[in-house]
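Accompanying notes for the structure given below.
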Amino acid sequence: MVSNDMKNMLDRVEEDLLSCSVTMMDCDIIQPAEPFLKMAGEDLRRRIFLTHNVAGEALCLRPEFTIPVCMAHINAGKQAPQSYGYLGQVFRQRDVGMTEFYQAGIEDLGDQDIALADARAISNAAMMVRNSSQADAINIVVGDQAVFADVLSALGLPAGWQDRLIHAFGDEQALATMLETLSTSEELSYDDDAVKSLVDADDHEGLSNHLADVMAETGYSTKASRSPDDIARRILEKQRLSNTKLDENDLEKLKAFLAIKVPLSEAINALNTFADKSEIDLSQSLKTFALRISALERMGFDLSSAVYETAFGRPLDYYTGLVFEIKNSQGVQVLAAGGRYDRLMALLGAKASIPAVGFSLWLDRFEVNS
């Protein structure tokens with residue numbers, strides 16, 4: 001049963017969505033589980049309510065709207081660009097609070113003007129929070145995974161380490177642990193002397209053959225697990241990563257980058273200063289960053305009301321660039337959050353690359369005083 005105060009707030013939110021010239025989208029409450037299990041972050045995966053249909057296929061209660069909206073766009077064969085709005089209930093296991101609550105948001109698909117679409121997402125999210133949350137003040141924090149990726153690339157880290165660090169983007173503890181690992185070479189141990197010898201020789205074929213023999217001798221079925229070739233590849237990759245030690249000077253550059261926290265109005269100057277001092281070329285990602293700032297200014301957005309943090313990220317695996325959160329005045333409750341997810345559409349089956357950005361409002365955290 002929805003209270004009158006909540007109904008009034010939902011009506012206001014819907015009016016704001018329609019004012020953003022969106023096509024309203026409704027998605028089934030029961031969704032295929034596989035896309036969420038594969039493409040969402042660990043934090044969301046462990047909160048999903050799972051079930052199965054009579055054919056044994058994994059299903060779940062809708063835990064969020066981004067993936068269902070994107071899948072509906074693809075399945076309908078819609079031509080981008082399209083901007084979709086949604087307003088409905090989502091279902092997540094939580095330590096405290098309701099497991100069934102309302103979310104609203106916008107998914108902006110196919111706009112080739114990346115900076116403008118990013119700015120529009122931040123501006124619209126802030127507008128909707130201010131209009132409907134009754135919050136006396138809000139805190140906005142902005143991050144950019146693309147800038148972080150460019151720094152990692154410039155430092156010459158192996159692709160495996162770059163993937164690891166990007167995956168941990170936004171997780172302060174995980175990043176700190178990885179930086180500690182990069183400061184010293186890690187010695188891996190192996191119970192099987194033959195494995196150690198083959199790893200030391202970086203012999204992929206020999207290691208794969210040896211693992212196949214061991215699996216055959218022990219009756220271990222490769223059908224129930226990874227193949228010997230895949231296991232060998234992973235072992236050798238882990239060994240190469242453990243042998244990687246980041247130069248002390250480069251490690252200090254990475255730490256200096258991750259320590260940047262400034263008002264959004266000062267972000268470009270701070271990043272340019274870092275790039276010049278560190279002799280790192282960030283021209284491509286900073287071009288998009290600067291265009292986003294300019295677009296926000298044209299929209300009348302107060303840049304001093306937001307903070308840019310180089311280490312800020314969000315716990316969903318599909319983000320690729322801009323990420324942001326809007327919190328209440330105490331900086332505790334996340335009221336809105338979003339970002340750019342350009343790879344997701346292709347992963348979900350789109351035949352062409354489709355740029356995408358969006359945000360969600362956590363309406364159960366809004367005050368509903370009418």
- Note on the structure: Nearest 10, in degrees from 0 to 90: the angle of helix 204-218 to the longest Cα principal axis of the chain is 90
- Considering only Cα-Cα distances, which of the following residue pairs are longer than 19 Å: Lys253/Lys277; Lys38/Lys255; Lys255/Lys287? Lys38/Lys255; Lys255/Lys287
- Task: Using every pair of alpha-carbon atoms in the stretch 92-158, split the distances into 10 Å bins beginning at 0 and state the percent of pairs per bin, rounded to integers.
- Result: 14, 29, 34, 19, 4
- Task: Assign one of three labels to the chain, namely rounded, prolate or oblate, based on the Cα gyration tensor with a ≥ b ≥ c the square roots of its eigenvalues; rounded applies when a/c is under 1.5, prolate when it is not and a/b is larger than b/c, and oblate otherwise.
- Result: oblate
- Query: So what's the net charge close to Cys60: Lys and Arg +1, Asp and Glu -1, counting the other residues with Cβ under 14 Å from its Cβ?
  - Reply: +1
- Message: Per residue, how big is the convex hull of the stretch 278-370 when only Cα atoms are used? Give it in Å³.
- Response: 179
- If R0 is 35 Å, what FRET efficiency do you get for Leu303 and His52 from their C-beta distance, rounded to 0.05? 0.10
- Please determine, in degrees from 0 to 90 and to the nearest 10, the orientation of helix 66-75 with respect to the longest principal axis defined by the Cα atoms of the chain, where the helix direction is its Cα long axis. 90
- Query: Quick one: putting +1 on the C-beta of Lys and Arg, -1 on the C-beta of Asp and Glu, what dipole do you get for the chain around its Cα centre, in Debye to the nearest 20?
  - Reply: 960
- With everything on Cα atoms, drop me the angle between helix 4-19 and the longest principal axis of the chain, reported from 0 to 90° to the nearest 10. 80
- Message: Restricting to DSSP H runs of at least four residues, report the calculated mean residue ellipticity at 222 nm for the chain, -39500 (n - 2.57) per run over all residues, nearest 500 deg cm²/dmol.
- Response: -13500 deg cm²/dmol
- Task: First select every other residue whose beta carbon is under 10 angstrom from the beta carbon of Asn209; then total the charges, Lys and Arg +1, Asp and Glu -1.
- Result: -4
- Item | For Lys7, Lys351, order by how many other beta-carbon atoms lie within 10 Å, fewest first | Lys351, Lys7
- Message: Between the stretch 97-140 and the stretch 22-55, what is the separation of their alpha carbon centroids in Å?
- Response: 21
- Once you've got the Cα coordinates, tell me which of Lys327/Lys351; Lys78/Lys327; Lys7/Lys351; Lys7/Lys327; Lys261/Lys351 are over 29 Å apart. Lys327/Lys351; Lys78/Lys327; Lys7/Lys351; Lys261/Lys351
- The relative contact order of the chain, taking Cα pairs under 8 Å that sit 6 or more residues apart, comes to a percentage of 26
- Find the relative contact order for the stretch 1-112 and round it to a whole percent, using C-alpha pairs within less than 8 Å whose residues are 6+ positions apart. 28
- Quick one: length gained pulling Asp26 to His167 fully straight, 0.36 nm per residue minus the C-alpha distance? 47.7 nm
- Shape category assigned to the stretch 1-122 from the gyration tensor of Cα positions, a/c cut at 1.5: oblate
- Please give the net charge around Phe169, taking every other residue with its beta carbon less than 12 angstrom from that of Phe169, where Lys and Arg add +1 and Asp and Glu add -1. -4
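None of the figures in this text is laboratory data; all of them are computed from the coordinates on show. Quick caveat, the model's predicted, so the values are computed rather than measured. Using ideal geometry, Cβ is built from the backbone for each residue, glycine included, and neighbour counts are taken over all protein chains shown.
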